[in-house]
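For reference, the structure is listed below as structure tokens.
The values are calculated or read from the model by the stated rules, or taken from the named source; none is laboratory data. All values derive from a computational prediction rather than experimental measurement. Please note: Cβ atoms are built from the backbone with ideal geometry, for glycine as well, and neighbour counts cover all protein chains shown.
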Amino acid sequence: MNEFDIIIRPYITEKSTSAVAEGKYTFVVDINATKVDVKKAIEKIFDVKVLAVNTMRYDGKKRSRRQASGMAVGYTAKWKKAIVTIDLDPKAVEYTVNGEKKTKKYKNSIEDFGFAQ
């Protein structure tokens with residue numbers, strides 16, 4: 001599964017907006033994505049260091065509407081939410097590739113979360 005298929009969109013509410021100060025970002029993710037999938041996707045897309053991922057699954061709500069032939073009953077779609085905690089003070093990571101030292105620096109926030117900070 002592609003990283004952009006795992007992360008569907010940010011989930012912006014008053015509670016999730018206030019949690020950004022603690023380094024917690026909330027996303028709607030694919031229903032079949034695991035915590036490891038979400039962690040790898042967030043790290044690759046936003047170039048941040050993920051410390052923890054908490055996920056919650058939501059069942060669809062029952063909806064009914066009147067039709068000419070009677071009542072039609074259905075459900076809204078199931079969905080999954082992930083709260084990702086990132087490292088607010090990341091250290092640079094050094095590694096070697098073919099004998100050459102390289103340094104990777106992580107960001108300390110997700111700028112493209114959906115609102116201006």
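Every residue, every condition in (1) under 20 Å from Phe4 (Cβ atoms); (2) out of contact with any Phe, Trp or Tyr (no Cβ under 8 Å at 6 or more places or on another chain), yes or no:
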site: Asn32; (1), (2): yes, yes
site: Lys35; (1), (2): yes, yes
site: Val53; (1), (2): yes, yes
site: Arg65; (1), (2): no, yes
site: Trp79; (1), (2): yes, no
site: Val97; (1), (2): no, yes
site: Lys102; (1), (2): no, no
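What do you reckon, is Asn54 more than 24 Å from Ser109 (Cβ to Cβ) and among the polar types (S, T, N, Q)?
On the way: more than 24 Å from Ser109 (Cβ to Cβ): no; among the polar types (S, T, N, Q): yes.
No.
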Lone unmet requirement of (1) modelled with pLDDT under 95; (2) surrounded by 10 or more Cβ atoms within 10 Å (Cβ to Cβ) for Asn98:
(2)
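Regarding Tyr95, is this residue hydroxyl-bearing (Ser, Thr, Tyr) and either under 20 Å from Ser109 (Cβ atoms) or touching a Cys at 6+ places or on another chain (Cβ under 8 Å) (or both)?
Numbers: hydroxyl-bearing (Ser, Thr, Tyr): yes; either under 20 Å from Ser109 (Cβ atoms) or touching a Cys at 6+ places or on another chain (Cβ under 8 Å) (or both): no.
When the stated conditions are applied, Tyr95 does not pass them.
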Are there any pairs with C-beta distances below 7 angstrom linking a residue in the stretch 51-63 that is free of Cβ contacts under 8 Å to residues at least 24 places away in the same chain to a residue that is of a type in the set (A, V, I, L, M, F, W, C) and surrounded by fewer than 13 Cβ atoms within 10 Å (Cβ to Cβ), with the two at least 6 apart or on different chains, and if so which?
Gly60/Ala77; Lys62/Val73
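Can you find even one residue in the stretch 2-9 that is of a type in the set (A, V, I, L, M) and more than 17 Å from Ile86 (Cα to Cα)? Steps first, answer last, please.
Initially, the stretch 2-9 is screened for residues of a type in the set (A, V, I, L, M), giving 6-8.
After this cut, where a residue has to be more than 17 Å from Ile86 (Cα to Cα) as well, the list is 6, 8.
Yes, there is a match, as at least one residue in the stretch 2-9 is of a type in the set (A, V, I, L, M) and more than 17 Å from Ile86 (Cα to Cα).
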The stretch 75-103 - residue that is of a type in the set (D, E, K, R) and touching a residue at least 60 places away in the same chain (Cβ under 8 Å) and, of those, nearest to Ser16 (Cα to Cα):
Lys81
